[in-house]
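The values are calculated or read from the model by the stated rules, or taken from the named source; none is laboratory data. Bear in mind that the values here come from a model prediction, so they are computed numbers and not experimental data. Backbone-built Cβ (ideal geometry, glycine too); neighbour counts: all protein chains shown.
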Amino acid sequence: MSDPERLTRKIREALAPCSLGRWPTPLEPAPAFLASLGLDALWLKREDRSAPRCGGNKVRGLEFLLADAPAGSVFVTVGGTGSTHCLATAVHAAALSCRVALAQFPQPETDASRAVAAACDAHATLVVRAPTRAALPLALLAAWHGARRFGPRRWIPGGGAHPRAVVGHFLAALELAQQLPAPPEAIVAPLGTGGTVAGLLLGVAQLGWPTRVVGVRVAPAIVANRWRTRRLALRTARLLASRGVRIAALTSRMLFQLVDGLGGKGYGYPTADGEAARRLAAEHGLTLDPTYGAKAFAFLLQRGTCNVRRVVFWHTFGVPCPTPEPER
Ligand SMILES: Cc1ncc(COP(=O)(O)O)c(C=O)c1O
């Protein structure tokens, strides 16, 4: 099946996701950046605008991860104090009359991570913060046990990195094909737990595009790496096959470029390159977060590594919603 629209329908019928986002997310040309980046064309895929309540790249995956949970379920998941995965899970689970318990490890404080942490406190039913990264397993145990008193529990892995969620990102690539007249030379996205890039790789393979997928690593290599990303993609193709949907496999000829955006200090710390990218973006009215978007956008400023001319930038960070809606 090659028609992206028909394939999307078939997958939605097979996996029955719930409805949390507004699709398609806008694809915006960004001509103001062309001169400074030395590109012929740049589009921004506005995943940050995926939902009015709490947008960002995680919404696509959550439509599949939260599907079929009975009202009253408690989703338990894990992430940094500034994790938008944690926040998006809390906000969107609440919209389905479910709750969320979070186990979190400390993350460097920036305006963005502080805002996300405050919003997590406001939206999640239970937040257990580990004092150090090493203490995360204990925090996770406490969150898992603590969640029991609120309802039946379901586990969601960190970052929502699960084949069901990757299906959502695969559909994003099919959506992109309906918005662009021709394949871009590159799609640039932050690479954290890998689900987003895994879905994009599967999408590019399915579309038969010659496009390079550039994953800019923003988390430690043990989490954000080529092997894990490919494995997620493989498991996603298997999941779809088990539901009667065959999609193209990744091939070794595919252009998957992994770039280190992490810098010396680690996850969540702003980098000099990222901050330069953030300033440039801000000059043109684009707000990037320091942990994900700024580091990925910085790739476009590196003239040495960037010999592509027509690029889609995956804009993933949705600005957090500060307060929950009042309970009725
Ligand atoms: C704003 C934002 N962008 C990008 C990513 C990376 O996505 P993935 O974990 O699917 O690699 C994340 C992950 O948490 C995120 O919150």
Requiring at least 3 residues that are free of Cβ contacts under 8 Å to residues at least 40 places away in the same chain, out of contact with any Pro (no Cβ under 7 Å at 6 or more places or on another chain) and not small (Gly, Ala, Ser), the strands (runs of 3 or more DSSP E) wholly within region 24-117 are 99-105
Quick test for you: out of ALA143, ALA122, ALA172, ALA165, pick the one residue that is within 17 Å of LEU27 (Cα to Cα) and either modelled with pLDDT of 95 or more or part of a helix (DSSP H, G or I) (or both). ALA172
For region 163-176, give me the residue count where each residue is within 11 Å of the ligand (Cβ to nearest atom) and farther than 11 Å from GLY199 by Cα. 0
Please find, among GLY192, GLY203, the residue that is under 22 Å from PRO26 (Cβ atoms), among the small types (Gly, Ala, Ser), within 16 Å of the ligand (Cβ to nearest atom) and surrounded by 22 or more Cβ atoms within 10 Å (Cβ to Cβ). GLY203
Residues that are at positive phi and either touching a strand residue (DSSP E or B) at 6+ places or on another chain (Cβ under 9 Å) or surrounded by 20 or more Cβ atoms within 10 Å (Cβ to Cβ) (or both), drawn from region 86-141: none
Subset of region 216-227 (residues that are crowded, with 18+ Cβ neighbours inside 10 Å and in contact (Cβ under 8 Å) with a residue 40 or more places away in the chain): VAL216, ARG217, VAL218, ALA219
Looking at GLU275, GLU327, which one is at pLDDT 95 or above and under 30 Å from ALA119 (Cα atoms)? GLU275
Test result for PRO137, part of a loop (DSSP other than H, G, I, E, B) and modelled with pLDDT of 95 or more: no
For region 200-215, check the following and say yes or no: at least one residue is out of contact with any Gly (no Cβ under 7 Å at 6 or more places or on another chain) and free of Cβ contacts under 8 Å to residues at least 40 places away in the same chain. yes
Across (1) modelled with pLDDT under 95; (2) surrounded by fewer than 17 Cβ atoms within 10 Å (Cβ to Cβ); (3) not aromatic (Phe, Trp, Tyr), ALA282 clears everything bar (1)
